[in-house]
Amino acid sequence: MNWAKYKTKKIRTVRYAVQVLFFFLIFYMSIIGIWKGVLVLVIFGMTIFLGRIFCGWICPFGLYMDTITWLRNTLKMSHWPLPQKLNQTLHKTRYIIAAMIFATILLGFILGSATLLDLPNFIWLRPPFVPFTFFLEPLQPLMLPWKPPFGALFEINGAYFTYPYVGEIMIYLQKSRLALPIAYIFTTATLAASFKVRRFWCRFCPTGISLSIINRFKPFHALPLLSLSKDSQKCTKCGICKRVCPVQVTEIYENKTGKVKTSMCILCLRCVEMCPHKNCLSLKFTNKPLHKNCNQ
């Protein structure tokens, strides 16, 4: 099958436009200042009810990586698919990093350095909740019109250029001369890796952890409400859905029929966009189709 002739760019174009819109919205919020703790709750609440749509359609870091992918495609350079076992292992590191963040805060309450009286500090993610700022690092704009308190990579005519997680590196290594060099190494390494491996950092990002583990409890079986669905009768096992997935999800291909449940899927709808079989894959809210592939 010459699957390339079914290629379409409609969903990809719309998604990129939505990402750019949220990029400017988040940049504006960083200027006026918002309750960071509330933003963390909104992101995780969104994950519970809508799956990882934040990762696929909103996350600024995701936009940066998708732009790098667009550049690589323009240069007609091939990407590197990761071995499947390695890919699955890397995806699990998200939960390890997130667990360490929660454990750091919990330890403060256990050791008595934090008390229930500190709970209001969660609104602005002040001590002892500072580690939660790690979840907001993917929202970091690349340029700020003022010098950020944690420092920046460099400055040009009053514009300060930074990068996701650079703030965390600067904060925790501020007493070390290694802070700026490590920040540059991290930035260079992730940019280079994202050029060859699609959505590279999504494998590690703790902000992208899925709370779908609660689905194991009967009252929550319907969550998340937004999900991919597959009609096995129209599937020919062509494998296109596996090849086009930026985070190399295989469950869409392996699933026999019905709702596709995987914490790796970022709902970018690339598989729906590229599937050559009409109405084989669809995006559903509860049980109502929101979008179906229309290729024939």
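Where a number appears in this text, it was derived from the coordinates with a stated rule and is not lab data. In this text, all values refer to a predicted model and were calculated from it rather than measured experimentally. In this analysis, Cβ positions are derived from the backbone assuming ideal geometry, glycine residues included, and neighbour counts consider all displayed protein chains.
Within the bounds of the stretch 91-100, is there any residue that is under 23 Å from residue 202 (Cβ atoms), assigned to a helix (DSSP H, G or I) and of a type in the set (Ser, Thr, Tyr)? Within the stretch 91-100 (the criterion being under 23 Å from residue 202 (Cβ atoms), assigned to a helix (DSSP H, G or I) and of a type in the set (Ser, Thr, Tyr)), the answer is yes, since at least one residue qualifies. Considering (1) assigned to a helix (DSSP H, G or I); (2) touching a residue at least 24 places away in the same chain (Cβ under 8 Å); (3) closer than 30 Å to residue 277 by Cβ, say which one residue 37 fails and leave the rest. That leaves (3) as the condition not met.
Looking only at residues of the stretch 61-86 that are assigned to a loop (DSSP other than H, G, I, E, B) and more than 20 Å from the chain's Cα centre (by Cα), we find that the one that is surrounded by the fewest Cβ atoms within 10 Å (Cβ to Cβ) is 76.
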